[in-house]
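Report on the following structure.
The values are calculated or read from the model by the stated rules, or taken from the named source; none is laboratory data. In this text the structure is predicted, and so the values were computed from the model without any measurement. Counting neighbours? That spans all protein chains shown, and the Cβs are built from the backbone with ideal geometry, glycine included. The protein model used for the area step is the full one, side chains on, heavy atoms only, and it has no ligands, DNA or RNA in it. Shrake-Rupley method; radii C 1.70, N 1.55, O 1.52, S 1.80 Å.
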Amino acid sequence: MLLTTQQAIFRPSGNREVKRLAIALISLLACLLAVWTAALTGFSRLRSAQAMQNSLPASANDSVRLSPSDPQAHYARALVLSRLGQVDEATREFERAVALRPSDYVLWLDLGSARQSSGDDEGALLAFKEAARLAPAYARPRWEMGQLLIRAGRSDEAFEEFRQAVASRPNLLPEVIDYAWKAYGGDAGAVQRAIQAQTSQERLVLARFIAKQGRTDEAMQLLRTAGEVPDTARLTFLRELLDANRFKEAYEVWSSRRKSTDPGPGGGLDAITDGSFESRIIPDDPGFGWQLAPRVSAISVSLDTDEPHAGSHSLLLRFGGDAQASTRIIKQLVLVSPQARYRLSFAARTEKLITGGPPVVFVTDARSKDGNVLAQSLPLPTGSSGWRDYTVEFTTSDTTGAVVIGVQRQNCPSDECPIFGSVWFDSFSLQKSQRNQKGLI
């Protein structure tokens with residue numbers, strides 16, 4: 001039997017076809033809408049990028065118009081407005097961006113900066129605090145809070161934030177110390193309390209800063225409590241003290257380094273370090289041990305065990321030609337007392353020495369930039385000779401804290417002045433003359 005038209009329309013199979021068609025149509029519309037939305041968002045992002053790159057207000061406005069619910073569009077417009085000096089409008093755009101993406105700590109940071117530029121310090125502080133809450137392991141939120149608080153005169157609060165910033169990024173410490181020095185008027189104790197150095201490295205950085213301000217006593221106290229500090233850091237501090245002519249403090253740093261690297265014969269005030277050359281000479285090692293001139297031509301330097309004057313070694317210099325007369329072949333920095341008289345003693349011998357400018361031992365004031373000579377020994381004899389004892393007497397000035405003792409050639413009578421042969425040195429010692437009521441003995 002044939003079905004009527006109305007029956008055919010409302011049969012169950014017909015309903016299913018209609019449903020499938022409707023679902024397909026809805027899916028197509030959703031897909032088209034998604035494509036359209038993605039296209040708008042993509043074009044909006046393109047305009048945002050153009051706006052930020054070239055500071056184009058029109059591109060930023062287009063981006064917001066095309067995608068008003070995209071936080072990136074508002075962020076781009078906020079940046080452009082900020083660059084154009086329209087701070088209030090920029091702040092409002094940052095706030096819209098934050099409202100659309102409240103979990104982005106970078107947006108909160110920029111909102112804080114915008115509020116600060118508009119004079120809203122409390123609003124800025126709230127934004128920075130939210131950024132710090134969202135990104136507790138990052139230094140920048142704490143850093144921004146610290147800077148805001150320090151400018152507001154809230155120093156104690158500022159350094160609470162700065163300390164947390166340094167914990168995340170240690171290389172900020174020197175700048176934080178500088179802030180503290182200015183905030184507390186150069187009060188070294190207050191600076192230490194503000195910084196609250198926790199590690200040996202932090203204590204050393206703080207000690208170096210305080211020493212550069214001329215407060216070496218406080219700096220050395222910090223260094224003594226620093227504990228184990230990397231040798232490279234101590235070496236840097238040592239060089240800084242030497243450059244500042246802080247010889248006493250430099251010696252303390254140098255001796256603390258030397259104990260772990262070379263426990264050989266020590267020096268100290270009014271004493272030569274390793275005067276009989278029993279320890280190896282460490283190249284390029286600053287401080288108060290023997291130091292060799294770098295890149296010396298036509299001279300070889302070694303420790304010799306053949307017939308030393310004392311101990312088991314002597315210093316051997318072999319000359320093979322055109323060694324420059326002005327070169328200080330080997331030298332040592334020695335702590336001395338101001339306004340004192342000294343006698344320097346040493347032993348030397350020669351073998352087949354031929355030259356018009358033989359070696360001499362010199363003494364100069366370490367503070368003198370031009371190498372002002374306080375005293376000089378007699379020149380060593382040419383030819384060959386056995387061990388001979390030599391003495392050099394000198395007097396320090398009221399500003400002398402250290403002298404340089406070393407070996408170089410005597411000035412030659414002509415420009416061409418080669419030198420050949422061998423020279424040995426040994427048994428360097430320094431003796432300070434005693435005073436009585438009548439003067440020097």
Filtered residues of the stretch 392-418 (kept if of a type outside the set (A, V, I, L, M) and in contact with a Lys or Arg (Cβ under 6 Å, 6 or more places away or on another chain)) | Glu393, Thr395, Gly406, Gln408
Selection from the stretch 228-253 of residues that are open to solvent by less than 80 Å² (accessible area, probe 1.4 Å) and more than 19 Å from the chain's Cα centre (by Cα) | Asn245, Phe247, Glu249, Tyr251, Glu252
Number of the condition not met by Asp120 [criteria: (1) within 29 Å of Gly185 (Cα to Cα); (2) under 31 Å from the mean Cα position of the chain (by Cα)] = (2)
Matching residues in the stretch 338-356 - criterion: being surrounded by fewer than 20 Cβ atoms within 10 Å (Cβ to Cβ) and farther than 16 Å from Leu315 by Cα = Pro338, Gln339, Ala340, Arg341, Arg343, Lys352, Ile354, Gly356
Taking Phe425 as the residue in question, decide whether it is buried (at least 20 other Cβ atoms within 10 Å of the Cβ) and part of a strand (DSSP E or B).
-> yes
Check Pro283 against each of (1) modelled with pLDDT under 90; (2) part of a loop (DSSP other than H, G, I, E, B); (3) in contact with a Phe, Trp or Tyr (Cβ under 8 Å, 6 or more places away or on another chain) and name the one condition it does not meet.
-> (3)
Members of the stretch 216-259 that are in contact with a Phe, Trp or Tyr (Cβ under 6 Å, 6 or more places away or on another chain) and of a type in the set (A, V, I, L, M, F, W, C) = Leu238, Val253, Trp254
When the stretch 298-337 is checked residue by residue, the ones that are open to solvent by 70 Å² or more (accessible area, probe 1.4 Å), within 16 Å of Gln408 (Cβ to Cβ) and not in a strand (DSSP E or B) are Asp322, Gln324, Ser326
Kindly indicate whether any position in the stretch 163-183 is exposed (fewer than 14 other Cβ atoms within 10 Å of the Cβ) and within 21 Å of Leu111 (Cβ to Cβ).
-> no
Within the stretch 378-415, work out how many residues are touching a residue at least 24 places away in the same chain (Cβ under 8 Å) and over 38 Å from the mean Cα position of the chain (by Cα).
-> 23
Would you mind stating whether Arg203 is over 21 Å from Asp231 (Cα atoms) and open to solvent by 50 Å² or more (accessible area, probe 1.4 Å)?
-> no
Subset of the stretch 344-366, residues outside any strand (DSSP E or B) and either under 21 Å from Ser433 (Cβ atoms) or touching a Lys or Arg at 6+ places or on another chain (Cβ under 8 Å) (or both), comes to Gly357, Pro358, Ala366
Take the residues of the stretch 400-417 that are open to solvent by 30 Å² or more (accessible area, probe 1.4 Å) and not in a strand (DSSP E or B): which is nearest to Ser377 (Cα to Cα)?
-> Gln410
Condition met for Ala132 (surrounded by 16 or more Cβ atoms within 10 Å (Cβ to Cβ), in a helix (DSSP H, G or I) and either modelled with pLDDT under 90 or in contact with a Pro (Cβ under 6 Å, 6 or more places away or on another chain) (or both)) = yes
Quick one: in the stretch 84-97, which of the residues that are modelled with pLDDT under 90 and closer than 22 Å to Trp143 by Cβ is surrounded by the fewest Cβ atoms within 10 Å (Cβ to Cβ)?
-> Val87
Among residues belonging to the stretch 366-375 that are at pLDDT 80 or above and open to solvent by 20 Å² or more (accessible area, probe 1.4 Å), point out the one that is nearest to Ser345 (Cα to Cα).
-> Leu374
